[in-house]
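The values are calculated or read from the model by the stated rules, or taken from the named source; none is laboratory data. Predicted model, so just to flag it, every value in this text is computed and none were measured. Cβ placement follows ideal geometry from the backbone for every residue including glycine, while neighbour counts extend to all protein chains displayed. Note: areas computed on protein heavy atoms with side chains; ligands, DNA, RNA excluded. Shrake-Rupley method; radii C 1.70, N 1.55, O 1.52, S 1.80 Å.
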Amino acid sequence: MSNHLQAPTMSARPVPGRVALLAASAAYGALVVLQAVTLPQSVPAHVGPDGTADRWEPLAAHLVTATLVGLATALMFWFLPALMGRFPSDLVNLPHKEYWLRPENLPATRARLANQMGWFGAAVLVFIGYGIWTVGQVALGTPPPAAVFWVLFALVLAGCVAFAVWSYRGTAWRPPAD
């Protein structure tokens, strides 16, 4: 009889990263709806690093772009884990992939990815949402300090680096001991 560990599967409990992604998606959607009813008919199409608008567009174009970007981002991070195991293994960049891509471990791999991609997707949506919110604030004549964007950008970048280190050097993807 084999003495291999059974890979854990997703339970009936909500996956925290997925909940975070849903919450960020709902907040992002609420922001777009709020902007639809509060912004003027002409809004910045682009805001430069110093916080000033250098191009303008109709509100409808802004809302369509914001909606499509938000939907694409949320859907990508929601469905990406389901694709694991369908790509050739040489295209997968995952620590200890020889363990995690075994057919018996794919359910656990997808569950971990669903959680982690949920958190990452939520962070990306918050960052994009801040940009969309900034466009609205500039349109209303109350732009936030430009430094806030750079601080948020630095935090997102530091989070990505910390996550990469934790994934490759820490316990995030370390296979269970036999």
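Things worth noting here:
- Distribution of pairwise C-alpha distances over the chain, 5 Å bins, in %: 1, 7, 14, 16, 16, 13, 9, 8, 7, 5, 2, 1, 1, 0, 0
- Remark: C-alpha extents of region 94-178 on the principal axes read 61, 22, 13 Å, sorted largest to smallest.
- 104, 98, 57, reordered so the largest accessible area comes first (probe 1.4 Å): 98, 104, 57
- Where the chain is the region considered: accessible area per residue in Å², 1.4 Å probe: 61
- The chain: DSSP helices with Cα axial extent of at least 20 Å and average Kyte-Doolittle hydropathy no lower than 1.0: 16-38, 59-79, 146-169
- When the solvent-accessible area of region 77-139 is split by element, carbon and sulfur atoms take up 67 percent of it, the probe being 1.4 Å.
- Packing-based ranking, highest mean first, of 78-91, 126-139 given that Cβ atoms within 10 Å are counted: 126-139, 78-91
- Highest-first arrangement of 106-113, 34-41, 67-74, where packing means the average Cβ count within 10 Å: 106-113, 67-74, 34-41
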